[in-house]
Ligand SMILES: [Zn+2]
């Protein structure tokens, strides 16, 4: 998620106090959170299956029948789909979270990464932010719906993905499942959320409606090589280095859409100085070259203004006393929605302008369309956010990183990333050391998903009957 540079320092607004954390559903959710953080659901540890077994046990004790639980297994990754059947005929709503985490080594962390620790107003542990709080928000919502013994106005389906951080294969199985494939839209807890500045002050609430396409290319130069004592005129490493410098120097054309303009404009309202002015000018006119140039130099914003490609890995040569026979460079691109991968490949080839440098696509990119903002979803998210943060503006945005929301979108399910919690993304350390989530954000996320499920289920059904 993008982070904001903010000069504004205001009185910290502490929301933790708004939660006594004594309501039964909060106590229960915290217990489940502690258990699920304990599963090391990183690749190679075979822990998604035991985590699913634990969650099934929790759900069964919460009166969810086995017939409403489906298991999806793909290699090491196990995933789960839970259905809460509704009364109406409207298409289901999907809620999604992922159970897997990026691995963490205990010796590098201050605290054990797989033990939930509450300290300094935060929950510490791998996955506390990405994305086990989301998993618990989904489970807690199911349990609350079941406890009320009142069917929602439409089917609500909850997806627990097993491999979002790696292959997203279970997401591809989930999206084809009969309970899921006809979903009208999805809410993804793995993106979106409220932004806090360094003083803990609330800034804006971001709602993810689109993602750039993740694409990796490999540049390869092959050379006959030879003895290092007899250098040739051509050299694979020099040739690759020249090609990579041309990639560095190439700027993809400036792009904008309604999402990016709204987002940059909204950030421009809370950002000060020259950067704030550039954000506001770009939002008003993406052809403003000076503003685009300024945003090009800021890592937080460059990805929102154009396709980017950057060198990330190098591999060359086979001995210190031999001329290199092979030199390879990896270039990772984040492609603006609507731009074809082939167009990016052609642009790189034209920039490199050396037919001896092969440019190969690695893997299979998943382009995904922008999800058009739905007034009913926006209104429900605004109402849910304003329960605890009444003055915050909800702003749709396009993600430069990625989540498995792109899989749902590519299968035609409009997807909205909305976690519900407020945090400072600079100090959440998702994927990094000492990952943590503000305690308040955890409890905010629980109520957020519950409110969306109850608002978008029965309320949408009521509206339909009015429309008729
Ligand atoms: Zn995630």
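So which of 101, 135 is part of a loop (DSSP other than H, G, I, E, B), within 16 Å of the ligand (Cβ to nearest atom) and at negative phi?
That would be 101, the only listed residue that is part of a loop (DSSP other than H, G, I, E, B), within 16 Å of the ligand (Cβ to nearest atom) and at negative phi.
Can you report the number of residues in the stretch 202-242 which are within 28 Å of residue 366 (Cβ to Cβ) and surrounded by fewer than 16 Cβ atoms within 10 Å (Cβ to Cβ)?
Result for the stretch 202-242: 1.
Hey, could you check the stretch 194-211 for residues that are at pLDDT 95 or above and more than 16 Å from the ligand (Cβ to nearest atom) and say which is nearest to residue 167 (Cα to Cα)?
210
I want to confirm something. Restricting to the stretch 173-193 and keeping residues that are in contact with a strand residue (DSSP E or B) (Cβ under 7 Å, 6 or more places away or on another chain), away from the ligand (no atom under 16 Å from the Cβ) and assigned to a loop (DSSP other than H, G, I, E, B), which single residue is farthest from residue 159 (Cα to Cα)? Even if it seems obvious, please write down each step before you answer.
In the first step, residues of the stretch 173-193 are kept if they are in contact with a strand residue (DSSP E or B) (Cβ under 7 Å, 6 or more places away or on another chain); the result is 173-174, 177, 179-180, 183-193.
Checking the rest, the ones that are also away from the ligand (no atom under 16 Å from the Cβ) come to 173, 177, 179-180, 183-185.
Narrowing the set further to residues that are assigned to a loop (DSSP other than H, G, I, E, B) leaves 177, 179-180, 183-184.
Working: 177: 10, 179: 10, 180: 9, 183: 12, 184: 15 Å.
Out of the qualifying residues, it is 184.
Looking at the stretch 354-364 only, could you name the residues that are within 24 Å of residue 401 (Cβ to Cβ), assigned to a loop (DSSP other than H, G, I, E, B) and modelled with pLDDT of 95 or more?
Selection gives nothing.
What number of residues within the stretch 416-427 satisfy the criterion of being within 15 Å of the ligand (Cβ to nearest atom) and either surrounded by 24 or more Cβ atoms within 10 Å (Cβ to Cβ) or closer than 15 Å to residue 379 by Cα (or both)? Spell out how you get there, then give the answer.
Going residue by residue through the stretch 416-427, those that are within 15 Å of the ligand (Cβ to nearest atom) are 417-421, 423, 425.
Filter once more, keeping what is either surrounded by 24 or more Cβ atoms within 10 Å (Cβ to Cβ) or closer than 15 Å to residue 379 by Cα (or both): 417-421, 423.
Going through the stretch 416-427 one residue at a time, the tally reaches 6.
Scan the stretch 104-132 residue by residue and report those that are over 23 Å from residue 185 (Cβ atoms), within 16 Å of the ligand (Cβ to nearest atom) and out of contact with any helix residue (DSSP H, G or I) (no Cβ under 9 Å at 6 or more places or on another chain).
104, the sole residue that qualifies.
Which residue is nearest to residue 140 (Cα to Cα), if the candidates are limited to the stretch 104-126 and must be assigned to a strand (DSSP E or B) and either within 19 Å of the chain's Cα centre (by Cα) or in contact (Cβ under 8 Å) with a residue 40 or more places away in the chain (or both)?
Let us first name the residues in the stretch 104-126 that are assigned to a strand (DSSP E or B), namely 117-119, 122-124.
Next cut, either within 19 Å of the chain's Cα centre (by Cα) or in contact (Cβ under 8 Å) with a residue 40 or more places away in the chain (or both) only: 118, 122-124.
Working: 118: 19, 122: 20, 123: 18, 124: 20 Å.
The qualifying residue nearest to residue 140 (Cα to Cα) is 123.
Filter the stretch 429-440 for residues that are closer than 27 Å to residue 310 by Cβ and surrounded by fewer than 24 Cβ atoms within 10 Å (Cβ to Cβ) and give the result.
Within the stretch 429-440, 429, 430, 431, 432, 433, 434 meet the criteria.
Which of the residues belonging to the stretch 424-460 are over 20 Å from the mean Cα position of the chain (by Cα) and at pLDDT below 85?
Hits for the stretch 424-460 are 457, 458, 459, 460.
Taking residue 169 as meeting all but one of (1) in contact with a helix residue (DSSP H, G or I) (Cβ under 9 Å, 6 or more places away or on another chain); (2) over 19 Å from residue 333 (Cα atoms); (3) within 16 Å of the ligand (Cβ to nearest atom), write down the number of the exception.
(1)
Residue by residue, here is whether (1) part of a helix (DSSP H, G or I); (2) in contact (Cβ under 8 Å) with a residue 24 or more places away in the chain; (3) over 19 Å from residue 95 (Cα atoms); (4) within 16 Å of the ligand (Cβ to nearest atom) holds:
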{"residue": "396", "(1), (2), (3), (4)": "no, yes, no, no"}
{"residue": "401", "(1), (2), (3), (4)": "no, yes, yes, yes"}
{"residue": "408", "(1), (2), (3), (4)": "yes, yes, no, yes"}
{"residue": "433", "(1), (2), (3), (4)": "no, yes, yes, no"}
{"residue": "445", "(1), (2), (3), (4)": "yes, yes, no, yes"}
{"residue": "453", "(1), (2), (3), (4)": "yes, yes, no, no"}
{"residue": "457", "(1), (2), (3), (4)": "yes, yes, no, no"}
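Within the stretch 161-172, identify whether any single residue is crowded, with 19+ Cβ neighbours inside 10 Å and assigned to a strand (DSSP E or B), and answer yes or no.
Yes: one or more hits.
The values are calculated or read from the model by the stated rules, or taken from the named source; none is laboratory data. If you're wondering where the values come from, they're calculated on a predicted model, not measured in any experiment. All Cβ positions, even for glycine, are placed from backbone atoms using ideal geometry, and neighbour counts span all protein chains on display.
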